[in-house]
Amino acid sequence: DGGITQSPKYLFRKEGQNVTLSCEQNLNHDAMYWYRQDPGQGLRLIYYSQIVNDFQKGDIAEGYSVSREKKESFPLTVTSAQKNPTAFYLCASSIGGSRTEQFFGPGTRLTVL
Amino acid sequence: KNQVEQSPQSLIILEGKNCTLQCNYTVSPFSNLRWYKQDTGRGPVSLTIMTFSENTKSNGRYTATLDADTKQSSLHITASQLSDSASYICVVSGSGGYNKLIFGAGTRLAVHP
């Protein structure tokens, strides 16, 4: 898990509520990423940020929002607009630029009841 | 379309036996290929990373091969241990943009005593 922490490990929310997942890294990495993992599928990119105060949509950004106010933090908000939010969410970071290795956090399992 | 396909989906072997996992990709242009190990409920951890000019790389009992001409890779596990039980994910990186990774769905390996 390196220097990336995610909290909480498990999260339960009622349908229609927004929820924020935390991701912090102490690796001094410029780039950070959020992925969603569903059974039988590869990880899918939700949002990424290459530098503080900047972020870009990934392949499945609808229903999610992020902020990057500090280099070490990249929180993900799952909004009520996300139609199927129950999943395993993984945060990652890298030094930056292309071809650099991404290091993953331990993940947060979100269950919407 | 950029895709990464892995086979088999799941595999059961006895402790001490060897096994080989397969990965075929259609990502172009190609930058590098990585194999990750993901324990249940945890984040992926990197095992190996290979560029197009490398055709084999080892990490302990794990040996990855790459054939950039046929766009195939394999991960060979020698003398399996119970702790090898996990999902193994093949990830391919293109050579442009923001370090976008294309993830395979993984092979779930179970090592039985």
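Could you look through region B:10-31, keep only residues that are under 12 Å from the mean Cα position of the chain (by Cα) and either of a type in the set (K, R) or within 12 Å of chain A (Cβ to nearest Cβ) (or both), and pick out the one that is farthest from A:D59 (Cα to Cα)? Checked region B:10-31; the qualifying residue farthest from A:D59 (Cα to Cα) is B:C23. Taken over region A:37-55, the criterion of being within 11 Å of chain B (Cβ to nearest Cβ) and under 22 Å from B:Q3 (Cβ atoms) is satisfied by A:Q37, A:D38, A:P39, A:G40, A:Q41, A:G42, A:L43, A:R44, A:L45, A:Y48.
The residue that is farthest from A:Q37 (Cα to Cα), among those in region B:5-44 that are among the hydrophobic types (A, V, I, L, M, F, W, C) and at pLDDT below 95, is B:F30. Considered as a group, the residues in region A:76-91 that are crowded, with 17+ Cβ neighbours inside 10 Å and more than 14 Å from chain B (Cβ to nearest Cβ) include one that is nearest to the chain's Cα centre (by Cα), and that residue is A:L76.
Filtering region B:56-71 to residues that are surrounded by fewer than 16 Cβ atoms within 10 Å (Cβ to Cβ), within 19 Å of B:Q6 (Cα to Cα) and out of contact with any Ser or Thr (no Cβ under 6 Å at 6 or more places or on another chain) leaves B:D67, B:D69, B:T70. Just need a number here: residues in region A:36-71 that are of a type in the set (G, A, S) and touching a Ser or Thr at 6+ places or on another chain (Cβ under 6 Å). Going through region A:36-71 one residue at a time, the tally reaches 2. Of the strands (runs of 3 or more DSSP E) lying entirely inside region B:9-95, those containing at least 2 residues that are without any contact (Cβ under 8 Å) to a residue 24 or more places away in the chain and of a type in the set (S, T, N, Q) span B:45-51, B:56-59, B:62-67. Here A:G58 meets each of (1) in contact (Cβ under 8 Å) with a residue 40 or more places away in the chain; (2) facing another protein chain (nearest Cβ under 10 Å) with one exception, condition (1). Go through region A:84-100 and give me each residue that's more than 11 Å from A:M32 (Cβ to Cβ), in a loop (DSSP other than H, G, I, E, B) and touching a strand residue (DSSP E or B) at 6+ places or on another chain (Cβ under 6 Å). Answer for region A:84-100, where residues must be more than 11 Å from A:M32 (Cβ to Cβ), in a loop (DSSP other than H, G, I, E, B) and touching a strand residue (DSSP E or B) at 6+ places or on another chain (Cβ under 6 Å): A:P85, A:T86, A:R99, A:T100.
State whether one or more residues within region B:80-88 are surrounded by fewer than 17 Cβ atoms within 10 Å (Cβ to Cβ) and under 28 Å from A:T108 (Cβ atoms). Among the residues of region B:80-88, at least one is surrounded by fewer than 17 Cβ atoms within 10 Å (Cβ to Cβ) and under 28 Å from A:T108 (Cβ atoms), which makes the answer yes. Inside region A:101-113, residues that are surrounded by fewer than 17 Cβ atoms within 10 Å (Cβ to Cβ) and part of a loop (DSSP other than H, G, I, E, B) make up a count of 2.
The values are calculated or read from the model by the stated rules, or taken from the named source; none is laboratory data. Since the structure is predicted, the reported quantities are computational estimates derived from the model, not experimental observations. Don't worry about glycine lacking a Cβ; one is built from the backbone with ideal geometry, like all the others, and counts go over all protein chains shown.
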